Amino acid sequence: MAIAKGYAAQAASEKLTPFTFERREPNADDVVIAIKHCGVCHSDIHMVDNGWGQSLYPIVPGHEITGVVTAVGSGVTRFKEGDRVGVGCFVDSCTTCAQRDLDLEQYQPGLVLTYSGLQPGSDLPTYGGYSDHMVVKEGYVLSIPDNLPLDAAAPLLCAGITLYSPLRHWKAGPGKKVAILGMGGLGHMGVKLGHAMGAEVTVLSQSLSKREDGLKLGADHYYATSDAATFETLAGTFDLLICTVSAELDWNAYLNLLKVDGAMVVVGAPEQPVPVNAFALIPARRTLAGSMIGSIKETQEMLDFCGQHGIVAEIETIAIDQINDAYARMLKSDVRYRFVIDMATL
């Protein structure tokens, strides 16, 4: 076992503090990664607070991880020492499932989360990227394009793929009208990716305070949802509406913004049930759907797409000892648009 340093919460809603723990010795198919940067995702806060009721403590958050390979097992063929790599939301999955589908592995049984999960075949927890290094199976390590800086690329491993996957699945592109609800860490990535795919992108945000940013990042239109006239003006407009927020909403009002056969896709997971009137769906054959990250294959596709288009997150870099303040600021929406930890400060 190798000793690792990181930051952890010892119980629900506790502040993160320095934590020393053990990483497993690398197997033949493992890659050892020196973590350089780790994005701070809103789901990190949910998990630290046990908001979804599935957290395992102590918990070392972080699943937007970029770094450099420092060693590889004897059976590794895709990576070598010095390679620029990333790790996203899961580090293992079921390899023996009868219905295994590598294109949809994120939806299959046996998914092992990068943190707050259990290592296969043991009761040892997985620990995430708020740490100095990690050991990951080769099949769950991703290549970071050379033209993308490791700090601004880190949020692509969750925020990026979380928006890329539904945009691709619902065929965002030329001739499609796409709305992004929420202009935060997830939403700003949706704007960039949707624009690069050729869709007509509209941002729906509580206010117009980020309008200038939204238009600069690629939005064609920007509306305030606090203005009731927005829902009249945009009724029946969109082919696809991606909801990136976890706050309480008038779901029926947003569904009414869709065209016939339009889809509203939830990627920002609310902690409370979603109340929907069937008649917001039935008269226009609308769909209310969900989407969760992407497979390793799709995540690499997303990274390559971002490399081709020069897409990275808009970030604010912090030291690891600023993480609790960063959480407090995120809860106030006081970040444009993603915190990224510089792990050299650990």
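I want to confirm something. Restricting to segment 18-51 and keeping residues that are of a type outside the set (Asp, Glu), out of contact with any Asp or Glu (no Cβ under 7 Å at 6 or more places or on another chain) and in a loop (DSSP other than H, G, I, E, B), which single residue is surrounded by the most Cβ atoms within 10 Å (Cβ to Cβ)?
Checked segment 18-51; the qualifying residue surrounded by the most Cβ atoms within 10 Å (Cβ to Cβ) is VAL40.
What helices (runs of 4 or more DSSP H) completely inside segment 183-254 contain at least 1 residues that are of a type in the set (Ser, Thr, Tyr)?
Passing ranges, in order: 229-233.
Which pairs have Cβ atoms under 7 Å, sit 6 or more apart or on different chains, and link a residue in segment 195-206 that is not assigned by TED's automatic domain parsing to the domain that holds PHE231 to one that is surrounded by 19 or more Cβ atoms within 10 Å (Cβ to Cβ) and modelled with pLDDT of 95 or more?
Listed pairs, sorted by first residue: none to list.
Which residues, taken from segment 89-131, are over 19 Å from SER55 (Cβ atoms), surrounded by 20 or more Cβ atoms within 10 Å (Cβ to Cβ) and touching a residue at least 60 places away in the same chain (Cβ under 8 Å)?
Listed by number, the residues that qualify are GLU105, GLN106.
Any residue in segment 276-286 that is modelled with pLDDT under 95 and assigned to a loop (DSSP other than H, G, I, E, B)?
Yes, because at least one residue in segment 276-286 is modelled with pLDDT under 95 and assigned to a loop (DSSP other than H, G, I, E, B).
Looking only at residues that are touching a strand residue (DSSP E or B) at 6+ places or on another chain (Cβ under 9 Å) and in a helix (DSSP H, G or I) in segment 303-318, which one is nearest to HIS63 (Cα to Cα)?
LEU303
Looking only at segment 106-145, count every residue that is in a loop (DSSP other than H, G, I, E, B), at pLDDT 95 or above, closer than 18 Å to SER295 by Cβ and not hydroxyl-bearing (Ser, Thr, Tyr) and tell me the total.
Qualifying residue count for the region: 2.
Which one of THR70, THR66, THR77 is surrounded by fewer than 16 Cβ atoms within 10 Å (Cβ to Cβ) and not in a loop (DSSP other than H, G, I, E, B)?
Just one listed residue meets the conditions, THR70.
Residues are listed down the side, and each one gets a yes or a no for (1) touching a residue at least 60 places away in the same chain (Cβ under 8 Å); (2) surrounded by 17 or more Cβ atoms within 10 Å (Cβ to Cβ); (3) not β-branched (Val, Ile, Thr):
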position	(1), (2), (3)
ALA247	no, no, yes
LEU255	no, yes, yes
VAL265	yes, yes, no
PRO270	no, no, yes
ILE282	no, no, no
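In segment 255-274, what residues are assigned to a strand (DSSP E or B), closer than 16 Å to GLY290 by Cα and either among the charged types (D, E, K, R) or in contact with an Asp or Glu (Cβ under 7 Å, 6 or more places away or on another chain) (or both)?
Answer for segment 255-274, where residues must be assigned to a strand (DSSP E or B), closer than 16 Å to GLY290 by Cα and either among the charged types (D, E, K, R) or in contact with an Asp or Glu (Cβ under 7 Å, 6 or more places away or on another chain) (or both): ASP261, GLY262.
Quick one: ASP321 ticks every box in (1) assigned by TED's automatic domain parsing to the domain that holds GLU105; (2) under 16 Å from the mean Cα position of the chain (by Cα); (3) not in a strand (DSSP E or B) bar one, so which box is it?
(2)
Identify, by number, the condition in (1) of a type in the set (A, V, I, L, M, F, W, C); (2) surrounded by fewer than 22 Cβ atoms within 10 Å (Cβ to Cβ); (3) within 27 Å of ALA319 (Cβ to Cβ) that CYS158 doesn't meet.
Unmet condition: (2).
The values are calculated or read from the model by the stated rules, or taken from the named source; none is laboratory data. Please read these numbers as outputs of a predicted model, since none were measured by experiment. Positions of Cβ are generated from backbone atoms using ideal geometry, with glycine treated the same way; all protein chains shown enter the neighbour counts.
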